[in-house]
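Data block below; observations after.
The values are calculated or read from the model by the stated rules, or taken from the named source; none is laboratory data. The structure displayed is predicted, hence computed values, not measured ones. Cβ placement follows ideal geometry from the backbone for every residue including glycine, while neighbour counts extend to all protein chains displayed. Accessible surface is based on the protein model in full, side chains and every heavy atom, while ligands, DNA and RNA are left aside. Shrake-Rupley method; radii C 1.70, N 1.55, O 1.52, S 1.80 Å.
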Amino acid sequence: MLSLQKYDIQYVKGIGPQRAKLLGSELGLHTAFDLLRHYPTSYIDRSTTYNIRSLHGATGEFPMLQLRGRFVSFNVVGEGAAMRLVGLFTDGTATIDCVWFKGVREQRKRLATGREYVLFGKPGYFREQLQMTHPEVDPPETADSAPGVRAVYPLTEKLRQRNFGSRQLHAAIVGFLQSHTHPFRDTLPPSVVRAAGLMSLDEAIRTVHMPTSPDRLERARQRLKFEELFYIQTDILMRSRERKAQVQGYIMPRVGQWFNDFYHNCLPFELTGAQKRVIKEIRADIMSGRQMNRLVQGDVGSGKTLVALMSMLLAIDNGYQACLMAPTEILATQHYETISSLASKIGLNVKLLTGSTRVKQRRIIDEGLRDGAIHILVGTHAVIEDKVVFRNLGFAVIDEQHRFGVAQRARLWKKSQVPPHVLVMTATPIPRTLAMTVYGDLDVSVIDELPPGRKPVSTVLRFDEQREQVNAGIMAQLRAGHQVYIVYPLVDENEKLDLRSVTEGFETAAHTFSPYSVALVHGKMRPADKDESMQLFASGKASILVATTVIEVGVNVPNATTMVIENAERFGLSQLHQLRGRVGRGADRSFCILMSKHKISADTRKRLELMTSTTDGFVIAEADMEMRGPGDIEGTAQSGLPFDLKIANLARDGQIIGMARRAAEALLDADPALAAPENRYFATALGQALSRNTDWSRIS
Ligand code: ADP
Ligand code: MG
């Protein structure tokens, strides 16, 4: 199999140099190996032809399906970028519109009315009209030559326009497989294939492209998914075993004066059971002699800061310094203020270092860090710059994992001879299966309990028609002296439009809620202006904050009781949950109003209604993963799998992740360096998989 990595795709029959170039630039396929590993995303049954009338009035999503009939007419409508070709197609039972946005002229030339065609595509509704965009259109002769179950491949529009569709790709792959009858050598260790009862690679590759039965197809897909997840688990485990074997950690056995003083004299409330448990877990880590790398997950408001502070006090009790980093200046400042005020009675020396720290103050900090007078340094990325030198940094806390990658953590290590213990805190509730994979090299603790007395945020879904009622509710909160967030989406593709709606929203709010003052923050503002607006709101000088998702992480304004989320349908569930966590932080009842257009799909409605029915971050995260796939979950994209998954799905293949994890453990127990002869081919394949797709920019 690995030798196919040298087989240039242009020599595969049915491809040739031109298409090879296109497949390379569009899909990253360069070799026969790539081609065989370009798995189908679905399969279609070409033995069934649907009748159009049966599609009318159907709800839910349509699969790819086949129709047979004739075009009645063709019309070119719209102009410029909106120009499209609409072909009215009928099979005698009903009609459907076929629409082409691209290649309008070519399609018009290629297709004729009155002649019989077989159509293949995914129907959908547009303005209540049944239509199929860019269907595959074949004369019956060609269509009939490929009956039975056919694989459908992920492709790009450009390839389709160049007349290289799923069918052509399938034909090329099948041709190649048929001319290579020699079995592909297995890329998993034989012991693993045996123990897990997997299909061989050769059979799996052939079956996935040319299924002979649903059962065998399922087994082939399982095998290929297992392989991907097994590679990832093996990689993660090897790295973490190596780290644990080699990397020494500071030993911090003492619970001393600082911790006890704080615990007895400064703690304004009883710790929750979960907070106590996590502090114990951290204590066990820092006494073990190995470097701690621990992720603490805790829903918004679960009291992570306190856990971080008390862990840092343990380090200080053992003679070390500690630091805490946050992704933004605002958050760093907030942490600094919280910690200073909590610990004010015990004389802890806490300093704040950010990009805007003045030179004079910076000198004081430098000195305090070097001579050890500073106990805790709170700050932004500025803390990990090389010029920041500690006397003996023993413990580092990183708040909000997803803005800090592996590379940044690595930089921390260089700050002292022995790497400091690292505690990463995140409010993004990550389902266990995902945590095992994405954060596989971290141990995980969960704060699964909120401090007592929290009132859950009441969440409602409202539509644009109910705007006046919503505004009246906001006004009542303002009159009661509370503050309000109004949040707008900001999505890259629509950046300009989105910016316009947030600035318009700002003006509308200023007008509607006059005389209350309104501040505006969005990601395109200068950092100084952004900070100024945030400060206005945090200090209570502004009653309303109109913002994009820049406020998502960690901002704490307990007097803000209401959050309105505009175009809520455009946010992911986890994102909505994070946003909502900004309210309900004080003693007063609080509200989250999800505003949406009236016309939303059933799925979207289900998503939004889930938000109104639960405030449990884990329930929401699981649902989000089910619905959107893990790639979309905030934070996971950057935290970096070693390579892109082609067939496995972290959301749905939890069981296989578990299997792969156990198999990788067993393999490494038996052969830690993968040096045994029977594992060498696998070791090479693993090495190549890891080097092929590593995009370092994603990991840092
Ligand atoms: P997050 O986990 O979202 O970072 P914070 O650490 O900011 O949460 O804590 C949220 C609020 O809860 C803070 O005002 C904090 O003082 C308070 N808090 C933390 N732990 C407790 C506790 N055990 N009992 C009551 N309030 C607590
Ligand atoms: Mg926090």
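Just so you know, in segment 31-57 the residues that are at pLDDT below 90 and under 32 Å from the mean Cα position of the chain (by Cα) include one that is nearest to Gln107 (Cα to Cα), and it is Ile44. Exactly one residue among Gly687, Gly640, Gly654 is out of contact with any Pro (no Cβ under 7 Å at 6 or more places or on another chain), modelled with pLDDT of 75 or more, small (Gly, Ala, Ser) and surrounded by 16 or more Cβ atoms within 10 Å (Cβ to Cβ), and that residue is Gly654.
Selection of segment 439-460 for residues being open to solvent by less than 20 Å² (accessible area, probe 1.4 Å) and not in a loop (DSSP other than H, G, I, E, B) yields Ser445, Ile447, Thr459. One residue stands out among those in segment 572-601 that are of a type in the set (D, E, K, R) and at pLDDT 85 or above: the one that is surrounded by the fewest Cβ atoms within 10 Å (Cβ to Cβ), which is Lys597.
Of the residues making up segment 171-203, those that are aliphatic (A, V, I, L, M) and touching a residue at least 40 places away in the same chain (Cβ under 8 Å) number 9. Output the number of the condition that Glu270 fails; it satisfies all remaining conditions of (1) in contact (Cβ under 8 Å) with a residue 12 or more places away in the chain; (2) open to solvent by 60 Å² or more (accessible area, probe 1.4 Å); (3) among the acidic types (Asp, Glu). If we test Glu270 against (1) in contact (Cβ under 8 Å) with a residue 12 or more places away in the chain; (2) open to solvent by 60 Å² or more (accessible area, probe 1.4 Å); (3) among the acidic types (Asp, Glu), just (1) comes out false.
Among helices (runs of 4 or more DSSP H) entirely within segment 297-387, having at least 2 residues that are within 14 Å of ligand 1 (Cβ to nearest atom) singles out 304-317, 329-342. Taking segment 219-275 as the range and being closer than 30 Å to Gln417 by Cβ and small (Gly, Ala, Ser) as the test, the residues that pass are Ser240, Ala245, Gly249, Gly256. Looking only at residues in segment 159-185 that are of a type in the set (D, E, K, R) and not in a loop (DSSP other than H, G, I, E, B), the one that is least open to solvent (accessible area, probe 1.4 Å) is Arg167. When Ile346, Ile339 are checked against the criterion of being in contact with a helix residue (DSSP H, G or I) (Cβ under 7 Å, 6 or more places away or on another chain), among the aliphatic types (A, V, I, L, M) and buried (at least 19 other Cβ atoms within 10 Å of the Cβ), a single residue qualifies: Ile339.
Wholly within segment 186-279, which helices (runs of 4 or more DSSP H) include no fewer than the required count, namely at least 3 residues that are closer than 29 Å to Tyr43 by Cα and either in contact with a helix residue (DSSP H, G or I) (Cβ under 9 Å, 6 or more places away or on another chain) or not assigned by TED's automatic domain parsing to the domain that holds His375 (or both)? Fully inside segment 186-279 and qualifying: 190-196, 201-209, 214-246. Quick check on segment 528-549. Is at least one of its residues of a type outside the set (Ser, Thr, Tyr), open to solvent by 10 Å² or more (accessible area, probe 1.4 Å) and within 26 Å of Met627 (Cβ to Cβ)? There is no residue in segment 528-549 that is of a type outside the set (Ser, Thr, Tyr), open to solvent by 10 Å² or more (accessible area, probe 1.4 Å) and within 26 Å of Met627 (Cβ to Cβ). Might you let me know whether segment 357-367 holds any residue that is in contact (Cβ under 8 Å) with a residue 12 or more places away in the chain, under 21 Å from His421 (Cβ atoms) and open to solvent by less than 60 Å² (accessible area, probe 1.4 Å)? For segment 357-367, residues in contact (Cβ under 8 Å) with a residue 12 or more places away in the chain, under 21 Å from His421 (Cβ atoms) and open to solvent by less than 60 Å² (accessible area, probe 1.4 Å): absent. Return the only residue of Lys304, Lys244 being under 30 Å from the mean Cα position of the chain (by Cα), more than 16 Å from ligand 2 (Cβ to nearest atom) and either farther than 24 Å from Leu412 by Cβ or of a type in the set (Lys, Arg) (or both). Only one candidate qualifies: Lys244.
For segment 602-621, residues that are open to solvent by 10 Å² or more (accessible area, probe 1.4 Å), more than 25 Å from Val446 (Cβ to Cβ) and either at pLDDT below 85 or hydrophobic (A, V, I, L, M, F, W, C) (or both) total 2.
Number of residues in segment 508-526 that are part of a helix (DSSP H, G or I) and surrounded by 13 or more Cβ atoms within 10 Å (Cβ to Cβ): the value is 4. Taking the conditions (1) modelled with pLDDT of 90 or more; (2) closer than 30 Å to Gly319 by Cβ; (3) small (Gly, Ala, Ser) in turn, Ala407 satisfies each one other than (1). Residues of segment 309-333 that are farther than 18 Å from Gln291 by Cα and open to solvent by 40 Å² or more (accessible area, probe 1.4 Å): Thr328, Glu329. For segment 366-383, a residue qualifies if it is under 38 Å from the mean Cα position of the chain (by Cα) and farther than 19 Å from Thr328 by Cβ, and the qualifying residues are Asp366, Leu369, Ile374, His375. Per the conditions (1) of a type in the set (A, V, I, L, M); (2) surrounded by 22 or more Cβ atoms within 10 Å (Cβ to Cβ); (3) within 16 Å of ligand 1 (Cβ to nearest atom), the sole criterion not satisfied by Ile565 is (3).
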